[in-house]
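Please read the structure below before turning to the comments.
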Amino acid sequence: MLSKMKTTAAAAAVASAFAVPASAELTGDLTIFLDTSNPAPRATMEAMIGRFQEKHPDLNIETTVIDREAYKTQIRNFLTADAPDVATWYAANRMRPYVEAGLFEDVSDLYAEPAIAEGLASTKGALTIDDKQWGVAYTYYQWGVYYRKDIFAELGLSEPMTWDEEKANCAKIVESGRACYTIGTKYLWTAGGWFDYLNMRTNGFDFHMDLAAGKVAWTDDRVKQTFMNWKELIDMGGFIADHQTYSWQEALPFMVKGEAAAYLMGNFAVAPLREAGLTDDQLDFYQFVKINPDVELSEDAPTDTFHIPANAKNKEAAREFLRFATSPEEQTIINNGKNLGQLPVNAGSSVDDDKFLQQGFQMLSTNSTGGVAQFWDRDAPAEMAKVSMEGFQEFMVKPDNLDKILSKLERARERIYK
């Protein structure tokens, strides 16, 4: 899916209450490519671009929205052939191939500005390669277990704190004729979320990052223990059937209809669950349980980013857009519960009074002492992430193939990291 929107001063009809005078008069064309194709993120981005247009009426802005999965396959081509001025992407290792190929602009100059240096200090590391910064974050979000509170109440369950409690809850949910967890692994990355949590809870953050960096063999007994923990849930029928045929969105109805009790997912799942009719009295959230008591709790908190392609034509306007998008005011607006429903990256912003955002903010601020990961397909190199997530999906379908799968991943590790 690809769609384009031209923004003019007339089209940007609603003024932002937080608007500030433009620091420079911008002219010419500004092209923005977005992968925010789901309804709520798309509307949020288009409204923000409209507010930016208001500040710069002589600037002609053209926005192209591309389906997120298609965007991942097209980005290298459009960065090379006909680059936009601003493009969405992801932090950490996911941006590395484009940095090393010279396709992203060095924006370290922005981080020399006090407003960005102070406001975006917490996400600077995720945007840094070779001591230079290659983009800005515009949102990050917690992962965790979103669950049907009413189903838990019906079955007499409480939020689990330990692995044994998680499994005991799951057993009762399965006995009731439901799956414990919905998931759609068609595009693989959702299985990466399960691996992240199970491995970080089993072996710790540092071990997990060493595995992502190719420093640990996939045939290591500690890795195998992660999968054995996962297998306990699979063997009891914890996951919906045929998950490999569903996208993450297509897996939502299982939870909405009460056929599954929970979803390990990012906070972006809340908006479509609410839109499907679930109320906050039916929905709740808990932090993924502790497995190894000797391991500190670590979390996934992926960071979404804006970049200026090296071949951009209007870099001045692009830099001004990055300043605008990361300002305290815009960060408060776009990340509130009615928009992205995520966490602002600017230290000067306010966290929306939404129960899931407040829970996520508190969890990441006070109970993730082990570390914060970006997500498996961002922390591992792209090729290794793809091969390993294919293995995760296969394992969820055929868990008895574990030894064969781990041997395959080990051969891939030896090839990719040589």
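The values are calculated or read from the model by the stated rules, or taken from the named source; none is laboratory data. Everything numeric here is computed off the predicted structure, so don't read it as measured data. No Cβ is skipped: glycine too gets one built from the backbone with ideal geometry, and neighbour counts run over all protein chains shown. Side chains are part of the model used for accessible areas, which takes the heavy atoms of the whole protein and leaves out ligands, DNA and RNA. Shrake-Rupley method; radii C 1.70, N 1.55, O 1.52, S 1.80 Å.
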| said: From zero outward in steps of 5 Å, how is the percent of C-alpha pairs of the range 71-120 spread across the bins? | reply: 5, 16, 26, 23, 15, 10, 5, 0
| said: Let me test this: with uniform point scatterers at the alpha carbons of the range 283-414, what is the Debye-based log₁₀ I(q)/I(0) at q = 0.10, 0.12, 0.13, 0.16 1/Å? | reply: -0.54, -0.74, -0.83, -1.04
| request: Using only alpha carbons, build the gyration tensor for the range 152-198 and give me the equivalent ellipsoid semi-axes, biggest first, whole Å. | output: 23, 14, 8
| query | With each run of n ≥ 4 DSSP H residues scored as -39500 (n - 2.57), what mean residue ellipticity at 222 nm is computed for the chain after dividing by its residue count and rounding to the nearest 500 deg cm²/dmol? | reply | -13000 deg cm²/dmol
| Using a 1.4 angstrom probe with every protein chain in place, what is the largest-first accessible-area order of Glu299, Glu46, Glu159, Glu414? | Glu414, Glu159, Glu46, Glu299
| field | Whole-angstrom gap from the range 136-199 to the range 320-367, using each part's C-alpha centre | value | 24 Å
| So what is the relative contact order of the chain, in percent, for Cα pairs below 8 Å that sit 6 or more residues apart? | 25 percent
| request: Quick one: Debye curve from the alpha-carbon atoms of the range 200-269 only, equal weights, vacuum; give me log10 I(q)/I(0) at q = 0.13, 0.16, 0.20, 0.27 Å⁻¹ to two decimals. | output: -0.55, -0.77, -0.96, -1.12
| request: At a temperature of 4 °C and a viscosity of 1.567 mPa s, determine how fast the chain diffuses translationally according to Stokes-Einstein, using the Kirkwood radius over alpha-carbon pairs as Rh; express D in µm²/s, rounded to the nearest whole number. | output: 58 µm²/s
| query | Based only on the alpha carbon positions, what is the Kirkwood hydrodynamic radius of the range 49-94, in angstrom? | reply | 12.6 Å
| When the accessible area of the chain is computed with all protein chains present and a 1.4 Å probe, what percentage of it is carbon and sulfur? | 50 percent
| Dividing the Cα convex hull volume of the range 320-360 by residue count, how many Å³ per residue is that? | 57 Å³
| field | Selection from Leu110, Gly144, Ala92 lying farthest towards where the dipole of the range 75-156 points positive, charges on Cβ | value | Gly144
| field | Radius of gyration and Dmax over the Cα atoms of the range 24-148, both given in Å | value | 15.7, 51
| note | Counting only protein heavy atoms and rolling a 1.4 Å probe, one gets per residue an accessible area for the chain in Å² of 40 Å²
